[in-house]
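Inspection log for the structure reproduced underneath, given as structure tokens.
The values are calculated or read from the model by the stated rules, or taken from the named source; none is laboratory data. Please read all numbers here as calculations on a predicted model, not as lab measurements. Note that each Cβ is placed from the backbone with ideal geometry, even for glycine, and that neighbours are counted across all protein chains shown.
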Amino acid sequence: MLGERRVAELLKGALAQARIGEVEIVLLAGHEALTRFANNTIHQNVAETNGEAAVRLAVGKRLGSAITNRLDPEALAQAIAQAEASARRAPETPDFPGFPAPQPTEPVFAFDEAAAGATPEDRARLVGEVIRLAEEVGAVASGALSTAVEEVAVANSKGVFCYHAGTRVRFRTVVHREDGSGYAERAAWRWDALHVPSLARSAVDRALQAQHPREVPPGVYPVLLDPYAVQDMVSWLGYAGAGALAVQEGRSWMNDRIGTKVLSDLLTLWDDGRDPAGIPLPFDFEGVPRQRVVIVDRGVPRGPVYDTVTAARDGKPSTGHALPKAWPEAASLGPLPTHLFLAVGDATTEDLLRALGEGLYITRFWYTRLVHPRDCVVTGMTRDGVFWVEGGEIAYPVRNLRFTQGYVQALAGAKQVGNETYLLSNGRFGADRVPALLLESFTFTGVTEY
Amino acid sequence: MDELIARTLNAAQLRGASYADVRVVETTRQSLLVRNGTVQGIGQSEDVGFGVRVVADGALGFASSHRMELEEAERVADLAVRIARASALVKREDVDLGPPVVQRGTYRTPVEIDPFTVSLEAKLELLLRADAEMRRVRGVTSTEAEMVFIRQRKTFASTEGSWITQEILESGCGIEATAVRDGEVQRRSYPNSVGRHQQTRGYEFILEQDLVAHAPRIAEEAVALLSADPCPDAVTTLILGGSQVALQIHESCGHAIELDRVFGTEAAYAGTSFLTPDRLGRFRYGSEVVNIVADATIPGGLGTFGWDDEGVPAQRVDIVREGIFVGYLTDRQSARRLLRWLGPSPYVTGESNGAARAMSWNRIPLIRMTNINLLPGTWRLEDLIADTDEGIFMDTNRSWSIDDRRLNFQFGCEIAWEIKRGKRTRLLRNPIYTGITPEFWRSCDAVCSEEHWVLWGTPNCGKGEPGQIAHTGHGASPARFRNVRVFGKR
């Protein structure tokens, strides 16, 4: 680990050397280890130590950037020089508002020594326990258990300096037995918050329940969605429309709907990068403190999240949701929510099944892709446990189905919300915390043979 | 660097590794993005590091670092061996890499114009001109134009005696126009969607794409799509444009033939495959006009190289011959396993066919597509359309989804035209088609000829944990499929 003092010296030293223009440096560094298993054996087991610094430099309104993963003063000086050379040859970006000025950022503690110190043997022992549970019932377990230490820092020539060190642990498993499978997953920043054996047990139980699925024809059904499936919906709402750029360009599901009740009034969705119930990161990649932003309030879209560029366009302050803009993958996305929370309800799984009465109970969605952005229409498959429910009880497992469904319309029909939330990684610097949902109708357009 | 490699291999062996390999990878990337007439980003990145893969106590371990120092080499080698020994706590059988692979040599992507020697100004001018041409079209609401250039230098060395250096160079570019009206969002892209088309070639590839000339057309099409009729719901004849055939190959063939998926080692994430070993050599995957090869030797493909990341030479192998499934993509371990599983045959040799590829120094090699190519047929596209009484022509992918065994797929395209009595007629918006992989390929009755064949690049293929993005190639020309279910927005 580099530590705050060394990071500060490195970044502030580099900024002091910059001869011209406004300069911003984002540093991402860390160590990640991942133990992967399949066919009831560990087959891939890896560790990585890496660190990158991304420089953005503005000469007036001309912008250039450069990234290096050599974290020494000389490499940073080279990156700054390279960014400057690019900026000098770039045309002006008229709506560049300048890098933000410093704002007070309260730190959030999210570092767990046990997670940081987890060894290959610790991970192997837990994976061994997962495999033992699967083997006891003649099943086959696959999955991954990972631990990471992440350091994030942002500094700019206007005096911004923010630093956060956090840990992240994640476990997921798919358990197969004959013609059915089950799934479990969680993320956390504390090692002891990840109850791997009980998660494995739930995946094993689900796999056993899923044996010998029958075919249910495509059609429109009421559905009970486990939090894994709900996260997919929430994540698409965030990615495909809860950022200000999508709204400004008219391609968001929020367009023409802000202030109007379009989702069920049971649904309140917010983004909060400071909540330790998620995997916090208290500032964004421009060094702006992350605000808690209510995206949907009891079914009513309230508006998107902002970075400095989109905020300036709308005459608002940034909400602290900038992505690391020097990375090409993030450059055209605009700001995005990366720490989503969907409000918990009060229904137990039994309550939800009873309220469903007759319909489909779905573990998770898979390979979902956006078909049409304005209604957030998504297609995808079910996976790892789908069940037909009759009389408020699971009647039998069914084969996987393909769906094509507007998520906005589906969420308008939310009838009940589960009383437990899962924290699930979203792969975008954070994690989402979501409950189970009972939806009035969901459109399935095809089936598979398994 | 040579000393770091030698030290790492030596340290791994001293700590008890029975096999070790090291890859040092240095990647330079330049990206330029123009959005709505302004330069959104000009960036250059450099990334260097090394990864060591070992076998110890019969199990695999891997560790990597960006710190190119001898002391770090010792630490990383030590960690890799320790990780391998932890893996061995939960192993079922020893790792079998087969006979030693000893290769020495160098490979370099042949290029006419090194893109890193072309000035930023020239590149930006081209992008800004293309962007301006799109924005000139009334009704266009946002535009994007990008270029990407990647140079990857890598050295592979193993305790078996291999020492290979390679320099792979890629160039990519693309433009997109989006039009929005009354709740309808339509986008057109060129040469391909998802940002760009890409090949292992130099700046000559960019010039050949002629972005500026195509910009007005795609902008006009995006606007025209706003008022086009929706794609009807029907079971009909479908002709796919070449880039969409490439996507179809990628998703329904390329992933399905990855032997690690077949053996379940991707079960928790990417999934498995319907192409199980009992089907090798006998399963009718497609019609007799369907011939697919995996070819890492063809010039220009994103899956073209000298050796894979286990040091196995690039090869061309048959995957589907006259519709019959005859080959997998393999690495050293899976090739041995297949041999143990099925025994030797014309389709099973026990030797890797060179498809182990790693994204960079910090990832292990996994079985990845090279260039999975549908060999050209005999039809001219004009003749194929003229030969189609009724159907739909779809082009340029917009959305893609397929199940975890690569059977049930649903793909949306940016644009479609109705075909009536052998002619391309009205424009159709939001076209989607769906099917089951073997049924779909068996319904293919015509593939267009060499003159329409393009080696498409897919620079965004995800797989593995931690995630890896691979760059794969797919040679394809337009093709016709019968009795396909198509529909529009639901």
- request: Among the numbered conditions (1) among the basic types (Lys, Arg); (2) buried (at least 21 other Cβ atoms within 10 Å of the Cβ); (3) free of Cβ contacts under 8 Å to residues at least 24 places away in the same chain, tell me where A:Arg172 comes up short.
  value: (3)
- line: Output for Cβ contacts, cut-off 6 Å, separation at least six or different chains, first residue in contact (Cβ under 8 Å) with a residue 12 or more places away in the chain and outside the structural domain of A:Gln291 (by TED's automatic domain parsing) in the range A:339-366, second of a type in the set (Lys, Arg) and surrounded by 22 or more Cβ atoms within 10 Å (Cβ to Cβ), reads none
statement: Quick count over the range A:336-390, residues being charged (D, E, K, R) and within 30 Å of B:Arg187 (Cβ to Cβ), is 5
Residue ID - nearest to A:Leu28 (Cα to Cα), chosen from residues in the range A:38-62 that are free of Cβ contacts under 8 Å to residues at least 60 places away in the same chain and among the polar types (S, T, N, Q): A:Asn50
- request: Name the one entry in A:Leu237, A:Leu266 that is under 19 Å from A:Phe365 (Cβ atoms), touching a residue at least 40 places away in the same chain (Cβ under 8 Å) and within 24 Å of the chain's Cα centre (by Cα).
  value: A:Leu237
statement: Among B:Leu407, B:Leu374, the single one that is out of contact with any Leu (no Cβ under 9 Å at 6 or more places or on another chain), within 14 Å of chain A (Cβ to nearest Cβ) and hydrophobic (A, V, I, L, M, F, W, C) is B:Leu407
message: Between B:Ala12, B:Ala86, which is outside any strand (DSSP E or B), more than 12 Å from chain A (Cβ to nearest Cβ) and buried (at least 20 other Cβ atoms within 10 Å of the Cβ)?
response: B:Ala12
Residue that is surrounded by the most Cβ atoms within 10 Å (Cβ to Cβ) [pool: residues in the range B:41-67 that are more than 8 Å from chain A (Cβ to nearest Cβ) and not in a strand (DSSP E or B)]: B:Asp57
message: Can you tell me how many residues within the range A:250-309 are at pLDDT below 95 and closer than 17 Å to A:Phe429 by Cβ?
response: 0
- prompt: Can you pull out the residues in the range A:86-117 that are within 11 Å of chain B (Cβ to nearest Cβ), over 23 Å from A:Ala322 (Cβ atoms) and in contact with a strand residue (DSSP E or B) (Cβ under 7 Å, 6 or more places away or on another chain)?
  reply: A:Arg88
statement: Expected single match for within 13 Å of another protein chain (Cβ to nearest Cβ), closer than 26 Å to B:Asp308 by Cα and surrounded by 13 or more Cβ atoms within 10 Å (Cβ to Cβ) among B:Val101, B:Val95, B:Val118, B:Val111 is B:Val95
query: Could you say which residue among B:Ser189, B:Ser158, B:Ser171, B:Ser193 is among the hydroxyl-bearing types (Ser, Thr, Tyr), over 22 Å from the mean Cα position of the chain (by Cα) and in the same structural domain as B:Arg53 (by TED's automatic domain parsing)?
result: B:Ser158
- line: When the range B:148-177 is checked residue by residue, the ones that are in contact with a helix residue (DSSP H, G or I) (Cβ under 6 Å, 6 or more places away or on another chain) and more than 22 Å from B:Asp47 (Cα to Cα) are B:Thr159, B:Ile175, B:Ala177
query: Which residue pairs have Cβ atoms under 7 Å apart, sit 6 or more places apart or on different chains, and have a first residue in the range B:18-41 that is among the charged types (D, E, K, R) and a second that is outside any strand (DSSP E or B) and at pLDDT 90 or above?
result: B:Arg23/B:Asp309; B:Arg23/B:Ala358; B:Arg23/B:Trp361
- request: Just need a number here: residues in the range A:68-81 that are facing chain B (nearest Cβ under 9 Å), touching a residue at least 24 places away in the same chain (Cβ under 8 Å) and surrounded by fewer than 24 Cβ atoms within 10 Å (Cβ to Cβ).
  value: 1
message: Which numbered condition in (1) more than 26 Å from A:Arg190 (Cα to Cα); (2) in a loop (DSSP other than H, G, I, E, B); (3) of a type outside the set (Ser, Thr, Tyr) is the only one that A:Val108 fails?
response: (1)
- request: Determine, yes or no, whether B:Ala270 is surrounded by fewer than 21 Cβ atoms within 10 Å (Cβ to Cβ), touching a residue at least 24 places away in the same chain (Cβ under 8 Å) and assigned to a loop (DSSP other than H, G, I, E, B).
  value: yes
- prompt: Does at least one position in the range B:256-263 carry a residue that is among the charged types (D, E, K, R), touching a Gly at 6+ places or on another chain (Cβ under 8 Å) and in a helix (DSSP H, G or I)?
  reply: yes
message: Let me confirm something: among B:Val55, B:Val24, B:Val39, which residue is of a type in the set (Val, Ile, Thr) and modelled with pLDDT under 95?
response: B:Val39
task: Scan A:Ala207, A:Ala229, A:Ala187, A:Ala203 and give me the residue that is crowded, with 23+ Cβ neighbours inside 10 Å, out of contact with any Cys (no Cβ under 7 Å at 6 or more places or on another chain), within 14 Å of another protein chain (Cβ to nearest Cβ) and closer than 20 Å to A:Pro337 by Cα.
output: A:Ala187
query: Is at least one residue of the range B:436-458 under 30 Å from B:Glu208 (Cα atoms) and within 14 Å of another protein chain (Cβ to nearest Cβ)?
result: no
In the range A:344-383, the residues that are within 14 Å of chain B (Cβ to nearest Cβ), over 19 Å from A:Gly413 (Cβ atoms) and among the polar types (S, T, N, Q): A:Thr363
task: Would you check which residues across the range B:16-30 are over 11 Å from B:Val52 (Cβ atoms) and within 14 Å of chain A (Cβ to nearest Cβ) and list them?
output: B:Val25, B:Glu26, B:Thr27, B:Thr28, B:Arg29, B:Gln30
message: What are the pairs with Cβ atoms under 6 angstrom where one residue, in the range B:109-120, is assigned by TED's automatic domain parsing to the domain that holds B:Gly303 and the other, located anywhere, is outside any loop (DSSP other than H, G, I, E, B)? Sequence gap at least six, or different chains.
response: none
- prompt: Of (1) within 8 Å of chain B (Cβ to nearest Cβ); (2) under 29 Å from the mean Cα position of the chain (by Cα); (3) more than 20 Å from B:Arg67 (Cα to Cα), A:Glu24 satisfies all except one. Which?
  reply: (1)
statement: Okay, strands (runs of 3 or more DSSP E) sitting entirely in the range A:148-251 with 2 or more residues that are within 22 Å of A:Ile279 (Cα to Cα) and out of contact with any Leu (no Cβ under 9 Å at 6 or more places or on another chain), I get A:161-177
- prompt: Any idea which of B:Ser252, B:Ser243 is within 19 Å of B:Glu176 (Cβ to Cβ) and in the same structural domain as B:Gly422 (by TED's automatic domain parsing)?
  reply: B:Ser243
field: Residue check, B:Lys489 more than 11 Å from chain A (Cβ to nearest Cβ), farther than 25 Å from B:Arg321 by Cα and either more than 21 Å from the chain's Cα centre (by Cα) or at pLDDT 95 or above (or both)
entry: no
